Amino acid sequence: MKTMLLDEGFSIFQGEYSFLGVLISAIILLAIFSLIMVYWIFPKIKKSVKGFNVGAQLNKLDKPNYKRIKKIYFENYRHRKFVENLIVSNYGVFVINAHFETGKISQNENGKFVSEKDGAIKVLGDYERENQKTIDTIKRLSKTFDGVPFYSLVVLPNSAQIEVQSEAGFFGHIKDMLTYIKSNSTVDLGAEKRDEMYSVLCKENSKNQQ
């Protein structure tokens, strides 16, 4: 009797052990499969937006005349409203709004920006209006910005097919971004004005991150 009980107990334990082994094996296989998929898909994603490094492009600008703020917050930590890639220069302030849309960019009958890719249509945000809101916010910060030219840039990957006419500013490929920035250098505000604007924006950013 004692021997039979031991045999039954060992059988149950062996069954539980087998189930646990199968479960662990399944998890390991799933993890390996996931890693393979990531390594297979990621290069394709990277290739589709190849060259879309806005910061690297902006760093090519002449640093004494153009100062870059990588990320600036305009509201407190609860809202975390921020803008990436703001250029403060001797020639004005450039607000750069970058997006990774790679399909056909156009406007629908309601005037909304849409992207079409592989037959799927997606309604986009109003990027130009977003930039204008940022510009209006900056202008309210200080009288330092009175009379300062502001430029709105909406930047998309070179692979995007853009069929949109910009209302104001720049709406185009990253390859043309620096040309647009450099072409708007007719009014020289001077280094002192540039540094004053840069200081005001840095203080605003520091205040809102606390």
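The values are calculated or read from the model by the stated rules, or taken from the named source; none is laboratory data. Remember, it's a predicted structure, so these values are computed and weren't measured experimentally. A quick note on method: Cβ atoms are made from the backbone with ideal geometry, for glycine too, and the neighbour counts reach across all protein chains shown. Note: accessible area is taken over every heavy atom of the protein model, side chains too, but ligands, DNA and RNA are not part of it. Shrake-Rupley method; radii C 1.70, N 1.55, O 1.52, S 1.80 Å.
Side notes on the structure shown:
- Pairs of Lys in region 132-210 closer than 28 Å at Cα, counting only those 8 or more apart or on different chains: 18
- Over the C-alpha atoms of region 87-137, the Rg to Rh ratio, Rh being the Kirkwood estimate, stands at 1.10.
- In order along region 188-194, phi translates into HN-Hα couplings of 8, 6, x, 5, 5, 5, 4 Hz, rounded to whole numbers, per the Karplus curve 6.51 cos²θ - 1.76 cosθ + 1.60 with θ = phi - 60° and x for Gly and Pro.
- Applying the criteria of a DSSP loop state and at most 16 other Cβ atoms within 10 Å to the GluC sites (Glu not before Pro) of region 48-148 yields Glu75, Glu109.
- Using a Förster distance of 35 Å, the FRET efficiency for Asp146-Asp176 (Cβ separation, nearest 0.05): 0.70
- Here the simple spin-label model places points 7 Å from the Cα toward Cβ, and for Ala191 and Lys104 these points are separated by 5.1 nm.
- Ligands, DNA and RNA are left out, and with a 1.4 angstrom probe the accessible area of region 139-198 is 55 Å² per residue.
- Annotation note: GluC sites (Glu not before Pro) in region 138-210 located in DSSP loop regions with a Cβ neighbour count of at most 15 within 10 Å are Glu163, Glu167.
- Amide hydrogen neighbours beyond the local backbone of Gln107, cut-off 5 Å, H modeled: Val114
- Accessible surface of region 59-210, 1.4 Å probe: 44 percent of it comes from carbon and sulfur atoms.
- Gyration tensor (alpha-carbon) shape descriptor, region 109-183, a/c threshold 1.5: oblate
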